[in-house]
Amino acid sequence: MRIVRRPGAFVCGIDAAMDVIGGKWKVLILWALNERTCRFGELRRAVPGVTEKVLSSHLRELEDDGIVHREVYAEVPPRVEYSLTPLGLSLNAALEPLGRWGRDHIYRGTGEAPGQGGAADPAAEAGVGAAGSGSGEGAGARTGEGAGVPEPVVGLGYGQR
């Protein structure tokens with residue numbers, strides 16, 4: 001398992017982190033896997049817009065970096081499941097403050113505060129609480145039916161949908 005792609009070539013810690021999570025889809029893949037272990041098709045549905053080729057490539061890179069675990073079951077037909085490693089869980093925890101910042105930033109100047117409800121806060125309408133830590137809350141904790149597969153909500157950013 002390769003953990004660092006360019007040892008010694010990083011300028012700072014942010015540079016090293018962005019090497020792992022860079023790109024449009026990786027943080028969304030991490031968010032979906034934070035919910036539960038998923039098969040490839042489930043991930044494809046959880047991250048609308050990603051192509052199979054890009055999803056496959058990103059999963060391989062995240063696996064090489066020690067963020068995602070790929071479990072292959074010797075069954076007919078073959079079954080493959082993806083889950084987060086402890087390193088992946090710690091990365092999601094590190095991304096939670098960034099998600100909070102993003103939510104605050106998109107509501108800046110709208111007169112609506114994040115979590116105050118109304119049309120500007122689809123998460124409140126869906127019954128989603130604020131991202132917390134521990135006890136099942138966190139990046140993408142949800143309630144109600146269909147909680148297994150994340151549902152995209154435009155404009156909320158990482159950590160809360």
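The values are calculated or read from the model by the stated rules, or taken from the named source; none is laboratory data. Note that this is a predicted model, so its numbers are computed, not measured. Don't worry about glycine lacking a Cβ; one is built from the backbone with ideal geometry, like all the others, and counts go over all protein chains shown. SASA here: full protein model, heavy atoms, side chains in, ligands and nucleic acids out. Shrake-Rupley method; radii C 1.70, N 1.55, O 1.52, S 1.80 Å.
Within 19 Å of Gly99 (Cα to Cα), open to solvent by 60 Å² or more (accessible area, probe 1.4 Å) and either touching a residue at least 40 places away in the same chain (Cβ under 8 Å) or not hydrophobic (A, V, I, L, M, F, W, C) (or both): is that true of Leu89 in this structure? Yes, satisfied. Selection over region 34-47 of residues that are outside any helix (DSSP H, G or I) and closer than 24 Å to Ala17 by Cα gives a count of 4.
Within region 48-57, the set of residues being without any contact (Cβ under 8 Å) to a residue 40 or more places away in the chain and outside any helix (DSSP H, G or I) comprises Gly49, Val50, Thr51. In region 19-40, the residues that are within 15 Å of Gly99 (Cβ to Cβ) and of a type in the set (S, T, N, Q) form Cβ pairs under 6 Å with partners that are assigned to a loop (DSSP other than H, G, I, E, B) and open to solvent by less than 10 Å² (accessible area, probe 1.4 Å), at six or more places apart or across chains, as follows: Asn34/Ala139; Asn34/Gly140.
For region 67-76, the condition of being over 17 Å from Leu98 (Cβ atoms) and open to solvent by less than 40 Å² (accessible area, probe 1.4 Å) holds for at least one residue.
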